[in-house]
Amino acid sequence: MKPERLDKVLAAQSTWSRKDVKELIRKGRVTVNGLPEKRPDRKICWETDRVEVEGRPLVLRRHIYLMMNKPAGVVSAARDESCPTVVDLVPPPLRRQGLFPAGRLDKDTTGMVIITDDGDLSHRILSPRSHVPKVYLARLDCLLTNEMAEGFSRGIPLGEEGTTLPAELEPLDVDLALVTLREGMYHQIKRMFAFYGAGVLELHRVSMGALALDKTLAPGQCRELIPPELELLQKRETPAEASPLPPRSGIW
Ligand code: URA
């Protein structure tokens with residue numbers, strides 16, 4: 001890939017403005033491959049050069065892909081006036097401009113969220129046409145019924161938005177099920193169960209595509225995805241892995 005100006009790369013990679021970046025560089029706070037660099041127009045390669053700001057290494061990537069275990073009480077947005085967002089929880093070394101969650105979970109829903117600055121990837125995994133499955137654990141306030149499973153497999157009418165695509169409902173216990181969706185309407189699972197008069201007490205996303213939530217991530221933690229995981233994320237199948245139950249949760 002073509003080398004680019006140090007100040008441009010740094011501003012794209014961080015939450016600093018171009019002006020702040022120039023200032024940091026001129027003050028000698030930035031090193032390239034271990035040596036201080038005071039020229040904002042120094043050309044660097046995204047792939048090979050090692051950049052540190054005030055001694056902290058910067059992850060140099062054109063795009064970044066993070067998997068987060070979203071806790072309850074946090075909104076799936078880049079910014080919010082009154083609530084913490086998933087992007088607020090991203091630790092400083094991984095933070096950069098333009099991060100957003102690929103798809104929305106409700107404030108009380110927990111589990112897997114992908115945070116990125118790559119709009120194309122987000123579209124590929126969210127578009128109903130790409131058929132990427134998203135799997136959720138849902139705990140109900142009543143018993144699961146065969147009628148629900150049959151209805152989910154046909155599609156549930158959700159008013160003006162029309163009927164949902166066929167979804168899978170696999171019971172794990174009398175009131176606990178795995179639900180697989182291939183689209184993402186507003187409050188979709190809650191509204192699908194509400195069609196049968198059922199309330200959802202807890203909802204937790206366990207996978208997207210063939211990629212399962214990393215069970216070592218505590219609620220609120222995130223980590224970068226590696227390239228093979230990015231491939232899994234875009235697959236039309238669900239993960240091969242057996243148990244979707246999260247280890248640290250309270251009432252599952
Ligand atoms: N369906 C819902 O109802 N809520 C979510 O957060 C995700 C899917």
### Summary
Contact order relative to length for the stretch 65-233, counting C-alpha pairs under 8 Å separated by 6 or more residues, stands in percent at 29
### Task
Please report the base-10 log of the normalised intensity I(q)/I(0) for the stretch 109-175, using a Debye sum with one equal scatterer per alpha carbon and no solvent, at each q in 0.19 (1/Å).
-0.97
### Message
Tell me the relative contact order for the stretch 148-212 as a rounded percent, counting alpha carbon contacts under 8 Å between residues six or more apart.
### Response
23
#### Entry: Fewest-first sequence of 214, 41 by Cβ atoms within 10 Å of each Cβ
41, 214
### Summary
proj_area_mean for the stretch 4-58 (convex hull on C-alpha atoms), units nm², value 3.1
### Message
Around residue 184, under 13 Å between beta carbons, what's the net of Lys plus Arg minus Asp minus Glu among the other residues?
### Response
+4
### Query
In a shell of Cβ-Cβ distance under 13 Å around residue 195, excluding residue 195 itself, what net charge do Lys and Arg (+1) and Asp and Glu (-1) give?
0
### Summary
Under the helix-only model (-39500 (n - 2.57) for each DSSP H run of 4 or more, divided by the residues of the chain), the mean residue ellipticity at 222 nm, to 500 deg cm²/dmol, is -5000 deg cm²/dmol
### Task
Determine the principal axes of the Cα atoms in the stretch 42-120, then give the extent along each, sorted from largest to smallest and rounded to whole angstroms.
45, 29, 20
### Query
For the modelled label position 7 Å from the Cα of residue 83 along Cα-to-Cβ, which residues of the stretch 186-203 have backbone nitrogen atoms closer than 17 Å?
186-191, 200-203
### Query
Hey, rough spin-label estimate for residue 59 and residue 153, points 7 angstrom out along Cα→Cβ, what's it come to in nanometres?
4.1
### Extension gain, residue 194 back to residue 161 (0.36 nm per residue minus Cα-Cα distance, nm)
10.3 nm
### Sum of side-chain charges, residue 152 neighbourhood, beta-carbon under 11 Å (Lys, Arg +1; Asp, Glu -1)
-3
### Query
So for the chain, what percent of the C-alpha to C-alpha distances run longer than 29 Å?
38
### Query
Order of 65, 196, 136, 186 from fewest to most other C-beta atoms within 10 Å?
186, 196, 65, 136
### Task
Calculate, in nm to one decimal, what residue 46 and residue 129 gain on full extension: separation in residues at 0.36 nm each, minus their alpha carbon distance.
26.6 nm
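Values quoted throughout were computed directly from the atomic coordinates according to the rules given, and no laboratory measurement underlies them. All values reported here derive from a predicted model rather than from experimental measurement. Reconstructed Cβ throughout: ideal geometry from the backbone, glycine too, with neighbour counts over all protein chains shown.
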